[in-house]
Structures are given as C-alpha cells and as structure tokens.
Amino acid sequence: MTGKNKPCSVNISEMKKLPTDSQSLAKDFERYLTRHLGRFVGCVPFYLYEALSLTLRDHIMTDWRNTWKYYDQKGTRKAYYMSLEFLIGRSLGNHLINLDIKNESKEAMNKFALDLEEIITEEHDAGLGNGGLGRLAACFMDSCATLNLPVIGYGIRYEYGMFRQVINDGYQVEEPDHWLRDDNPWELERPEYTQVIKFGGHVDTMTEINGKTIYLWRDTDDVLAIPYDVPISGYKNNTVNTLRLWSASATNVFSLADFNAGSYSDAVESKNDAEHISMVLYPNDASENGKELRLKQQYFLASASLQDVMRMWTLNEGDDLCQFAALNVFQMNDTHPTIAVAELMRLLIDEKNMTWDDAWWITTRTMAYTNHTLLPEALEKWPVSLFEKLLPRLLQIIYEINARFLKEVSSKWPGDTNRLVRMSIIEEGDTKNVRMAYLAIVGSFSVNGVAALHSQLLVDGLFKDFYELWPEKFNNKTNGVTPRRWIVHSNPLMTQLISEKIGDQWIHQLEDIEKLKSYASDADFIKRWRNVKTENKTRLADLVKELCNVDFDVSSIFDVQVKRIHEYKRQLLNVLHVIHLYNRVKNNDTQDWTNRCVLIGGKAAPGYRIAKRIIKLINNVADVINNDPQVGDKLKLAFIPNYGVSKMEIICPGTDLSEQISTAGKEASGTGNMKFMMNGAVTIGTYDGANIEILDAVGKENFFLFGLKAEEVEARRRHYQPDKIIEHDDDLKQVMHLLSCGHFNSFESGIFDEIIESLLSPDDPWLTLADFRAYVDAQQAVALAYQDQVAWDKMSIMNTACSGFFSTDRTMQEYNRDIWKLNT
Ligand code: 26Q
C-alpha cells in the first residue's frame, strides 16, 4: 500500500510502542480492571469490556499522537467530513482487527477464563445516526484512516443516540438511548479546544473611516462547544485519524444576574437551553422541517468545526490566509451542515477582515456537497423568520450570496424570470424559506450523488437548472462499505476461508476478491462455502429465536429486508408476497415448494404514522403465520426489534436473499445491498440506486431483477389503476381479500384501513401493486433456484467475488482523486 507507515516515519519525540504479546496485554488488562476501575474478574461484564478497551487505548494513543503530528506539519492539505451523523456502532472489535492484536487479546482473556467475543458484545452501540447516511460517514472514516488520508470527521456528541425500538403488542415503542450513561473509553475530552457559538442577538452596521462597512453581531446568547475526540484506526498501518464530536455547554454555570434577582429557575433554564443542543439525535431520515433546535444543531456543528479549522490554521500556518483554499476542503454530508457556506463567509469577512470577493473565492474553492436523496419533499428548507431570530448575521450573508447569484443567472438568461424564481436560494411565498440545497450548490465547487443512477437523475431533474449553469460541478461517487467491519469483523469464518485461498490482501484491496471466481466451480470450495453459510445462518437463527421467539430452520432460504421503514422502500410489497405464500399453503398449492424464513427489521420515524402501522402489520401477519400448524416450517416471518449496526453484523452473514425492492428512482444508493452482497447473499431487487451497479458487476444470471424502471415508473403514474391490476390478478385479489377481511386483525378492527387505502389509491406514489406480479414471479424463480443448492452456492460465491467495487476504499480514492486532492 502506498504511504504505509508514513505517520510514524516522521522524526518527532516518538512515543514508544507498547508490547502486544498476550502476557503484556493480560497484565495491563488486570491492572486496569483492579487498580483503575476497582473491579475483579467476576464483576459485571461491562467492566471487563472497559478494562480491555482501556488496555487497547494505550496502544492507539501512540499512533494517534504521531498521526496528529504528521498532519500538523506546515503545508499538509486536509479534508474535513462534516456530518450531523456518524453511525459508528461498536469500536472494540474493530480496533482489535485494525491493530492486529485480536489473537493475542483472545489468549490474554483466556488466561482469566474469559471469552473475548462475549466481552466485545458488552459495548453499547454508538448510534449517532439514523441509517444509511450516518453509517456511510462511519465507513468513510474507516477507509480514510486505512488509506492514510488526512481527513478529520466533525460531528455532534449526542447524549442520546437513535432511540431504542421496543415492540409492544406488535407496535413500535421508542425508548431513549442513553448510550453515555456508562463510561465511554473511546472518547478523549479536549476542553482546551472549546469554541464559542453565537445565537440570537442583532447586527449593527458601522462604517469605518476608510469607508468600509463592518458588521457587529451583538447581544448574542452564546453556547460553548466542547470537543470530544474519537480515534479512528486504519487497518494495520499505524494511522489513527480523528472524529471530533462537539458537545454543547452553557457559557457560565448559570447567570449570576438572574440568580441574584431571585430567579433561580430562569437561570437554570438558560443553562438547560444551551445543553439541549447536543442532547438528542433527530430520529427522522427525511428532513423534519422547521424545528428550531435542529437548526441550532446544524449551526452549532458548522460554526464550531470551522472555527476549529481556523484555530489549527493559525497554529500551523500563521495569520496569512492566502493558502487556505489550497490546503483545506470541507465535504458536507447532505444539506444538514450547509450553513457552513455562510458561516465560513462570516468568519472570513467579520473575523478575518477579508473582502467579500476574497472570502467568496475561498469559500467556493473549499466547500463540496454530497446529496443523498431524490425525494423532493425531503429537500431541507428553513423559514427566513427562524434565521432572522437565531442567526441574523448569517441571513444577511445568505441574502447577499443570493443577490449576486441571481445577477449571474440573469446575465446568462436575460429576462427569464421564471428561472430566477426557480433557482433563488430564497423561496418566495406566504412564508419565505431558505433552500439549503441551493445554498450548498451555489457555495460549492463539487456536487455529487451517491450512485450512478442517482447522480444522473439529479442533473436531469432536481438540479437541472444548476447543471445547465455549472455542469462542471456535478459528479458521481458511488457509495461503498468498509470490508473490515462488514466482512472481516462480521464474518470471521468466511474471512478465514477466503484468505486461505487467495491470501489476505483483499482486506485492504478489495478488487483482489475477484480471484474467488476461479473457485466458484470447485466442488470442495463450494461445500466449505455452504458450511460457512450454514454456521452463519445458525448464529442468525439463534438471534431470531432469542429476540422474536420464532424458529428459523437453517435449511430454509433466509430472506431478509432490514433498513429504515419507509413507504418508498416498500416493506409492504414484501408483506404482500409473504401473505401470498401463506395463501398458497392454505390452498394446498405447494408443489415445488421451498421453505422460507422471512426476516424484516427497521425503525420508523416516531411521527411517521403509516410506517409505524406497517410494523404492526408485519407483526400481526407473523403471528398468524407462525402459529398456524398447517404452515409449519414452510414459511416463517419475524420482525427483529431494534435493528442497528450490531444486529446487521450478525444478520448479513446469515442471509441468503437480500431484499432491495424500492420504487425505481427513489433509493439514492442503498448500502445494505452492498453488505449483503459481500457476504454472499443474492439480491432480489429493482433497477434502482446502486442495485444497478451491483447487477452490472455480478451479471443478471446472479441477480433477481424485477419491476418497473425509473422512467417507466414516471410514465405509469399517469394511468395507474390499482383496482384494474387486482381485477386481473387472482393471486393479488386473494391477498387483498385476506388483508381487507380482517384475517390479520380479527380483534383490532380497522387498524390496517389506512394501509389498504394507500395501496388502492391511483395516486400511490410508490406504485406498490404495479410491481406485485413481477415481484411474485421473481420470488418464484428464487425459490426454484434455491432448490439446486450447488447452483445457488455458485451464485453466492459470485456475489462475494464481484463485490470489489463496493469497498469505501474505492469510494474514498475517487473522492480524493476528483474532489479532495490530498497527498497520499
Ligand atoms: C434532516 C432535517 C431534519 C431532521 C432530519 C433530517 C435528516 C436526517 C437523516 C434527513 C435525512 C437523513 C438521512 C438520509 C439517508 O440516510 N439517506 C440515505 O443515504 C444513504 C447513503 O448515501 C443512501 O445509500 C440511501 O439511499 C439514502 O436513503
């Protein structure tokens, strides 16, 4: 690998490496457990996890310090990944792999008769994200460290992460996730780098003697941003990058004035207000418009991070900012942190005394924006009135950016007022809004989508006007996932088998996994591949038994759909198919039957009524099917509660069939699809998002494609008649009958009416019934294919072998080649 060991090659006051033999690890572990934590081996197991993590942390510290020293050298260009979400999951297991001391640690634990794997599962998931976008940020961090890229992640240290989902009588109930209640050994508080963030107040304008106007943002309510650093280790390369998470704190313990005036509760309240900013992650994976606290979070992150970069700049490079754009680049993860465009302008103009033109030159050469959605309703907008109240100086700057931008538009298209209205950063109307995506596009030099189709649809649709103005800004960066977590950590048996055949270079060079293709017809290899799959299915079946009390038989096909619950992802289509299979059993229509275990999991946004009702439907259908003796092992359905990163680590290795069935043109990319593929699952999917690239890579003989294409979906909308579809499809008629006659809700009359209505509506945006026949037919092809076990196993091997493109190492190399241009 290029640049391997680079950070350590710098001659600084080197911290000495600690010994990593099992004896030394055991000694350190025991010391942490007894002398630091005051516990002993028979204690609550969380402390065993903590003691081992502290032991490991000592090793990480050496490399972490060295990496910082290297990045702090004058002239080092750096990228900053700004994201409201980093869905990291657990860290211990991952660091053990990256530091290459898993075997030694296992041995060390054995000396105390402790099981390493059990200790690893004691860690709370860091659930600081909703789903795909947040997990992508975590995979990116892993790959950047592995590639020795100087990339710093900036995020928020939410006190409460993604809610814990409990299923109560089939309904989702949300419980708070207080993940920081016990110690977190993976963070290092850095109060010395605290930043002050302003809110509210007003702007005074003054003209200096030289005629220059200056803007004074005054009488603000300030909040402190305290950074907590999380180490991100690279794979066996001594690099440790940093994820810096900001925590909000009141400027004073509480206001003495209020306190002395006898208003104790007011004083405590304002302290609370400040600390609420980093209290909780918003659990919506589509924008929740207008919430003041969310806008505060966004500005809090943007301002703290940019000020921190300025601080480091002054420290490493001095006061002159003329090289700033040459040495810094900010990647904004969706529109969530894009207030950074205006904030950088503010810092450069108001704090660094720069002219507008110089500041704009820097801003538009350092900002880059990634879009993650095609749903127009999910594009972020904020009321101008809210900006006026919370961020008055930033609103002024946004107005000025917009005025200059619209001038450029009208000089290119004179007289085209419609275009001006369409493209304006400010949406006019009863309530004026700031369109964050437009601010991001105008302020950035790069705008990218996350899969080939998605990037194409962006320039053809959502951002067409902007593409006509600046075609050179737009590009595609197809997502990926990190093979360290999603193969090596999650699937040790498969890792072992692959490495035995092709060596272990594939772990940081996933293109190499292609070499597996030559084993796809090797009878002995196929047998061993099958055995590994069966072991992984057993592990998954045990989890399903434990959490759902449903028996999954490993000889059945394991058919899995796990992701956020959303209408466009069409969990409903999956349920309709399950009901169809159930109906076939009841009708004794079971020749050529393949036993099937269907697993569905995912969280619904707490305010998303239909999504929550879909969860209830899945659970009710599961109850009927699983308790019908006539069905037996032919068909099982389970809803796995509280789906998240750690669950996926067990789910994806044990899956045969990966469900990727979104309405074409709606799923920007998908990344679960890639995790399943890497672990040898075969996909049943629509022509959508990265499914298309998966299909290209693996070939149509190893993929079950069905359904309308994106352009067909749009054409179909105009004459979509679900009632006609039902009329002409006997299977669907029977499924709809079972649904509407109350077969799955005998004592809960009417609870699925809204779902049924949405399916029957000619305006159903997701065209679920339009794809029903194609889906059922594709599922029948799957069932038949699964009966030829060897042929299926070949497909499985081919899926893993063709997954090389979907490593985030490749994705990060592309970001670096086209956008960041960091030295490697
Ligand atoms: C915005 C404003 C207020 C509150 C919440 C939000 C918000 C939060 C999270 C909006 C969107 C999200 C998350 C979106 C997301 O996860 N998108 C997914 O991103 C993946 C990575 O690119 C893609 O693979 C998925 O296709 C896409 O749905």
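The values are calculated or read from the model by the stated rules, or taken from the named source; none is laboratory data. Quick caveat: nothing in here was measured; it's all calculated off a predicted structure. Neighbour counts run over all protein chains shown; Cβ positions are idealised from the backbone, glycine included. Please note that ligands, DNA and RNA were not included when accessible areas were found on the heavy atoms of the full protein model with its side chains. Shrake-Rupley method; radii C 1.70, N 1.55, O 1.52, S 1.80 Å.
If the condition is being among the hydrophobic types (A, V, I, L, M, F, W, C), open to solvent by 10 Å² or more (accessible area, probe 1.4 Å), away from the ligand (no atom under 16 Å from the Cβ) and touching a strand residue (DSSP E or B) at 6+ places or on another chain (Cβ under 9 Å), then the range 140-170 contributes 166, 167.
Scanning the range 126-139 for residues that are of a type outside the set (Gly, Ala, Ser) and either within 10 Å of the ligand (Cβ to nearest atom) or in contact with a helix residue (DSSP H, G or I) (Cβ under 6 Å, 6 or more places away or on another chain) (or both) turns up 130, 133, 135, 136, 139. Note on the range 389-480: enclosed strands (runs of 3 or more DSSP E) holding 1 or more residues that are open to solvent by 30 Å² or more (accessible area, probe 1.4 Å) and modelled with pLDDT of 95 or more are 433-435, 474-476. Summed over the range 597-609, residues that are farther than 9 Å from residue 565 by Cβ and open to solvent by 10 Å² or more (accessible area, probe 1.4 Å) total 3. Cβ-Cβ contacts under 9 Å between residues 6 or more apart (or on different chains), taken from a first residue in the range 680-699 that is at positive phi to a second residue that is more than 16 Å from the ligand (Cβ to nearest atom) and among the β-branched types (Val, Ile, Thr), are listed as 680/532; 680/655; 680/797; 680/800.
Being of a type outside the set (Ser, Thr, Tyr), open to solvent by less than 80 Å² (accessible area, probe 1.4 Å) and free of Cβ contacts under 8 Å to residues at least 40 places away in the same chain is the filter here; which residues of the range 754-778 pass it? Of everything in the range 754-778, those that are of a type outside the set (Ser, Thr, Tyr), open to solvent by less than 80 Å² (accessible area, probe 1.4 Å) and free of Cβ contacts under 8 Å to residues at least 40 places away in the same chain turn out to be 756, 760. Are any residues in the range 724-747 touching a residue at least 24 places away in the same chain (Cβ under 8 Å) and open to solvent by 30 Å² or more (accessible area, probe 1.4 Å), and if so, which ones? 725, 731, 734, 743, listed by residue number.
Could you check the range 660-695 and list, in sequence order, the residues that are open to solvent by 10 Å² or more (accessible area, probe 1.4 Å) and touching a Cys at 6+ places or on another chain (Cβ under 9 Å)? If the condition is that a residue be open to solvent by 10 Å² or more (accessible area, probe 1.4 Å) and touching a Cys at 6+ places or on another chain (Cβ under 9 Å), then 671, 672, 675 are the ones that fit. Can you tell me which residues in the range 377-388 are under 22 Å from residue 214 (Cα atoms) and buried (at least 16 other Cβ atoms within 10 Å of the Cβ)? If the condition is that a residue be under 22 Å from residue 214 (Cα atoms) and buried (at least 16 other Cβ atoms within 10 Å of the Cβ), then 387 is the only one that fits. Filtering the range 77-95 to residues that are open to solvent by 10 Å² or more (accessible area, probe 1.4 Å) and of a type in the set (A, V, I, L, M) leaves 87, 88. Please list, ordered by first then second residue, the pairs with beta carbon atoms under 8 Å, 6 or more apart or interchain, first in the range 121-134 and open to solvent by 10 Å² or more (accessible area, probe 1.4 Å), second within 13 Å of the ligand (Cβ to nearest atom) and modelled with pLDDT under 95. Close Cβ pairs (under 8 Å, with a partner that is within 13 Å of the ligand (Cβ to nearest atom) and modelled with pLDDT under 95) amount to 130/284; 130/285; 131/285; 132/285; 133/285.
Taking residue 118 and the conditions (1) under 17 Å from the mean Cα position of the chain (by Cα); (2) more than 16 Å from the ligand (Cβ to nearest atom); (3) acidic (Asp, Glu), which numbered condition does it fall short on, given that it satisfies the others? Failing condition for residue 118: (1).
Of the residues making up the range 206-233, those that are open to solvent by less than 40 Å² (accessible area, probe 1.4 Å) and either under 27 Å from residue 393 (Cβ atoms) or touching a Pro at 6+ places or on another chain (Cβ under 9 Å) (or both) are 214, 217, 220, 223, 224, 225, 226, 227.
In the set (1) away from the ligand (no atom under 16 Å from the Cβ); (2) among the small types (Gly, Ala, Ser); (3) in a helix (DSSP H, G or I), residue 521 fails one condition alone, (3). Could you look through the range 619-647, keep only residues that are outside any loop (DSSP other than H, G, I, E, B) and without any contact (Cβ under 8 Å) to a residue 60 or more places away in the chain, and pick out the one that is farthest from residue 570 (Cα to Cα)? So, considering only residues that are outside any loop (DSSP other than H, G, I, E, B) and without any contact (Cβ under 8 Å) to a residue 60 or more places away in the chain, the one farthest from residue 570 (Cα to Cα) is 632.
Within the range 535-544, is there a residue that is at pLDDT 95 or above and more than 30 Å from residue 614 (Cβ to Cβ)? Checked the range 535-544: at least one residue is at pLDDT 95 or above and more than 30 Å from residue 614 (Cβ to Cβ). In the set 382, 313, only one residue is within 16 Å of the ligand (Cβ to nearest atom) and in contact with a strand residue (DSSP E or B) (Cβ under 9 Å, 6 or more places away or on another chain); that residue is 382. Any residue at all in the range 197-205 that is open to solvent by 50 Å² or more (accessible area, probe 1.4 Å) and free of Cβ contacts under 8 Å to residues at least 40 places away in the same chain? Yes, the range 197-205 contains a residue that is open to solvent by 50 Å² or more (accessible area, probe 1.4 Å) and free of Cβ contacts under 8 Å to residues at least 40 places away in the same chain.
Are there any pairs with C-beta distances below 7 angstrom linking a residue in the range 95-109 that is under 13 Å from residue 238 (Cα atoms) to a residue that is at pLDDT below 95 and part of a helix (DSSP H, G or I), with the two at least 6 apart or on different chains, and if so which? Every condition considered, no pair remains.
Of the residues making up the range 15-39, those that are modelled with pLDDT of 95 or more, charged (D, E, K, R) and not in a helix (DSSP H, G or I) are 21, 39. Output the residue which, of all residues in the range 330-377 that are more than 15 Å from the ligand (Cβ to nearest atom) and part of a loop (DSSP other than H, G, I, E, B), is nearest to residue 138 (Cα to Cα). Here the answer is 352. For the residues 616, 634, the requirement of being buried (at least 21 other Cβ atoms within 10 Å of the Cβ), charged (D, E, K, R) and either in contact with a Pro (Cβ under 6 Å, 6 or more places away or on another chain) or modelled with pLDDT of 95 or more (or both) singles out 616.
When the range 16-46 is filtered for residues that are open to solvent by 50 Å² or more (accessible area, probe 1.4 Å) and charged (D, E, K, R), the ones remaining, listed by number, are 16, 17, 21, 27, 30, 31, 35, 39.
Within the range 368-376, is there a residue that is over 14 Å from residue 303 (Cβ atoms), surrounded by fewer than 21 Cβ atoms within 10 Å (Cβ to Cβ) and at pLDDT below 95? Looking through the range 368-376, at least one residue is over 14 Å from residue 303 (Cβ atoms), surrounded by fewer than 21 Cβ atoms within 10 Å (Cβ to Cβ) and at pLDDT below 95.
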